[in-house]
1. Just checking, which of 45, 78, 96, 23 is more than 25 Å from residue 4 (Cβ to Cβ), assigned to a helix (DSSP H, G or I) and of a type in the set (Lys, Arg)?
2. Inside the range 15-34, can you point out the residues that are under 24 Å from residue 98 (Cα atoms) and either of a type in the set (Gly, Ala, Ser) or within 13 Å of the chain's Cα centre (by Cα) (or both)?
3. Filter the range 44-61 for residues that are in contact with a Ser or Thr (Cβ under 7 Å, 6 or more places away or on another chain) and more than 18 Å from residue 120 (Cβ to Cβ); which is surrounded by the most Cβ atoms within 10 Å (Cβ to Cβ)?
4. Quick check on my filter: what residues within the range 99-116 are over 11 Å from the mean Cα position of the chain (by Cα) and among the hydroxyl-bearing types (Ser, Thr, Tyr)?
5. Would you mind telling me which numbered condition in (1) over 21 Å from residue 127 (Cα atoms); (2) at pLDDT 95 or above; (3) assigned to a helix (DSSP H, G or I) residue 35 fails?
6. With the requirement that a residue be in a loop (DSSP other than H, G, I, E, B) and either modelled with pLDDT under 90 or at negative phi (or both), what does the range 99-113 give you?
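The values are calculated or read from the model by the stated rules, or taken from the named source; none is laboratory data. It should be emphasised that the depicted structure is a prediction, and the values quoted were computed from it without experimental measurement. Note: ideal-geometry Cβ built from the backbone for every residue, glycine included; neighbour counts use all protein chains shown.
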Amino acid sequence: MESEKTYRVMVVDDNDDVRRLLRKVLEAAGHEVVEVADGEGAISRVEESVPDLVLMDIRLPGGMDGLETTSRLKEDPRLKRVPIIALTASVMERDRQQAVAAGCSGFIGKPVDVATLPDLVKKFIARGPASH
């Protein structure tokens with residue numbers, strides 16, 4: 001039987017509990033998880049290793065929110081093909097449009113459905129970044 005492919009997923013969220021939950025779910029599915037609490041941390045962690053997918057909280061503390069962080073990450077040529085998925089409790093259409101405009105490939109509402117998250121990660125990676 002062929003083993004499942006594992007991926008490196010960067011979780012960018014200022015909430016420790018959210019990061020811990022996503023790590024637990026994704027590691028149980030066999031993925032490697034890199035946790036980051038803010039936009040500046042996400043930019044610097046990418047220097048160490050490029051993820052296969054980024055789960056990006058839109059509301060981040062500090063000088064860079066998730067949209068600006070996404071835009072900055074997408075400027076890095078190594079991340080052009082890496083899907084960045086917006087995570088937010090804000091599910092208004094305007095929020096979705098802003099996330100896509102910043103470079104997000106998809107959108108997952110909070111609270112995250114942990115039962116479907118591993119499959120969503122695989123689907124987003126297989127689909128790649130959105131072309132707009």
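1. On the way: 45 fails: more than 25 Å from residue 4 (Cβ to Cβ); 78 fails: more than 25 Å from residue 4 (Cβ to Cβ); 23 fails: more than 25 Å from residue 4 (Cβ to Cβ).
It is 96.
2. Narrowing the range 15-34 to residues under 24 Å from residue 98 (Cα atoms): 15, 18-19, 22.
Listed by number, the residues that qualify are 18, 19, 22.
3. Filtering first and then ranking leaves 60.
4. Keep residues of the range 99-116 that are over 11 Å from the mean Cα position of the chain (by Cα), which gives 99-103, 109-116.
Within the range 99-116, 116 is the sole residue that qualifies.
5. (3)
6. Of the range 99-113, the ones in a loop (DSSP other than H, G, I, E, B) are 103-105, 110-113.
Result: 104, 105, 110, 111, 112, 113.
Yes/no per residue for (1) of a type in the set (Gly, Ala, Ser); (2) buried (at least 21 other Cβ atoms within 10 Å of the Cβ); (3) under 11 Å from the mean Cα position of the chain (by Cα):
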| position | (1), (2), (3) |
| --- | --- |
| 63 | yes, no, no |
| 67 | no, yes, no |
| 72 | no, no, no |
| 79 | no, no, no |
| 93 | no, no, no |
| 97 | no, no, no |
| 128 | yes, no, no |
